[in-house]
Amino acid sequence: MKTMNRKEWLQQLELVQPGLSTKELIEQSTCFVFEKGFVKTFNDEIACTLACDIGIEGAVQAKPLLELLKKLPEETVEVQLGDKQLLIQGEHRKAGIRMESEVFLDTEQIETPKEDAWIPLPPDFCEAVEVVRQTASQNDSEFVLTCVHIHPEYVEACNNYQATRFPLKMKVSSSILVRHTSMLHVGSLGIMDFAEDSSWLHFRNPMGLVISCRKYEDEFPDMGEILNVSGDPITLPSDIEGAASTAQIFSMDNPYDDQIQITISRNKLRLKGTGENGWYSETKKLEYDGPKIQFRIAPKLLKEITKRQHDCEITRDRLKIDGGTFIYVTALNT
C-alpha cells in the first residue's frame, strides 16, 4: 500500500494525457501505464513519460481513474493492488478500477534521450507552435499539409488556402514534419528543451515531462511565393478579438472546421460564426473603399494574430498580416 497526494497524482496524470487515444488504436493506448517508477501513455503518434511511482506496475483505464481522482475530497489516498484491480481508498470510501498487470504498450521503440542530447528551445517556440499549427490541414488525404514544418530557420504550416510562418532558429539536423495534432499540447505545456533521433522529436518541460512526437521527412511545399506578397494597407478593428470570442460559441460546434467568416465591404467588417445550434454576427467599422472580400479563419487564430498586429495588406486574391515575428496569408473570395 502506498500513500499518494491526490492533487499531485492527478496533476501528473493530466500532464501525460496527450499520449492517450479515445479508442484503443493500439493495445493499452487508452490506459495509464505505470512501469519502473514512471507513468506512460502512447497512441502511436505521441508518447508521454513522467516520473510517477505508485508502487504498482500495470495498465489501468485512464478515464475512470482521472474522473475518480477529480471527485474524491481527500488530500491523500491509499493505493494498492487488489485482484486484477487498482484499489484506491479514502477516509470513508473505496474504489477498484480494473488493472492489467502485464504491460503490452509498445514504448520500447522510443528511447528517452540522454541528458547531453537535450537542446534548449528558442524562447518563442511555444508561441510559434500555437500560432502556426492552426493553419495546418484537417484533410488526411493531404498528409504533408496536416503537419507542422519545423525548419532550421522557421516553423510553418499551410492548408491550401491559408499559411503561417514564424521565423526562429531551430537547431534541428534537417527539416522535420510533425502532425499538427501532435503539436497541439506542445505549445501549452511550458516546453523548454528538445532532442531528436531518427524517428522521434522529443520535448521536455521543467517538471520532467517528456513528449515524444513521431516525425516525418516528407518534402514540404515551398511557401516563399505565397508569403512574399504586398498590397494595399488596411487596419482591422482594434476590438475584433471580443467579437471572435463570441462567434466561437457557435463555430466551435464544428470541431474539425472551427472557422468564422469575415466579410469586408465599404467601411465595415462583418464577422459571423455558425454552428448546428445557431449563429452569431457582429459588424465593425473600418476604413476601406475597395471591392467586397471574404475569408474564413479559426477564431482562436484570429485572436492570436490580432493580439500582435491589426495592420494588413490586401491584394487581388490574398490578405497578408506581417506581425514582424510571423507572417500570415489567406486566400480571399471576391
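The values are calculated or read from the model by the stated rules, or taken from the named source; none is laboratory data. On a predicted model such as this, the values are computed, not experimentally measured, just so you know. Methodologically, a virtual Cβ is constructed for each residue, glycine included, from the backbone with ideal geometry; neighbour enumeration extends over all protein chains shown. When the accessible area is computed, the model is the full protein with side chains, heavy atoms only, and any ligands, DNA or RNA have been set aside. Shrake-Rupley method; radii C 1.70, N 1.55, O 1.52, S 1.80 Å.
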Open item on the list: Given contacts defined as C-alpha pairs under 8 Å and at least six residues apart, what's the relative contact order of the stretch 175-235, whole-number percent?
Closed with: 31
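Rounded to two decimals, what ratio of Rg to Rh does the stretch 71-122 give with C-alpha atoms and a Kirkwood Rh? Intermediate values should be presented prior to the final figure.
Values: Rg = 18.3 Å, Rh = 14.8 Å.
Computed over Cα atoms, the ratio is 1.24.
Please give me the summed charge of the neighbours of residue 314: other residues whose Cβ is under 9 Å from its Cβ, Lys and Arg +1, Asp and Glu -1.
+1
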Task: Between 0 and 90°, nearest 10: helix 240-251 axis offset from the chain longest Cα axis - done: 60
Task: the chain, relative contact order in percent, only Cα pairs under 8 angstrom and at least six apart counted - done: 12
Task: Relative contact order for the stretch 8-102, counting Cα pairs under 8 Å that sit 6 or more residues apart, in percent - done: 22
Task: Proximal lysines relative to residue 284, as straight alpha-carbon distance under 18 Å, when same-chain residues fewer than 8 apart are discounted - done: 268, 272, 292, 303, 307
Task: Highest-MSF residue in the chain out of 172, 148, 16 [GNM, Cα springs under 10 Å] - done: 172
- [ ] For the chain, with a Gaussian network of springs between Cα atoms less than 10 Å apart, report the residue from 166, 38, 194 with the top mean-square fluctuation.
- [x] 38
- [ ] Order the following by accessible area, largest value first: 127, 111. Probe radius 1.4 Å; ligands, DNA and RNA are ignored.
- [x] 111, 127
Open item on the list: Given the C-alpha atoms of the stretch 139-282, compute the convex hull and give its volume per residue in Å³.
Closed with: 163
Open item on the list: Along its three principal axes, how long is the chain when you only count alpha carbons? Whole Å, largest extent first please.
Closed with: 73, 46, 33
Open item on the list: Connecting C-alpha atoms closer than 10 Å in a GNM of the chain, tell me which of 238, 212, 141 has the biggest fluctuation.
Closed with: 141
TODO: Counting only heavy atoms of the protein chains, get the accessible area per residue of the stretch 114-271 (1.4 Å probe) and round it to a whole Å² value.
DONE: 45
Task: Percentage, to the nearest whole number, of Cα pairs in the stretch 247-294 over 15 Å apart - done: 45
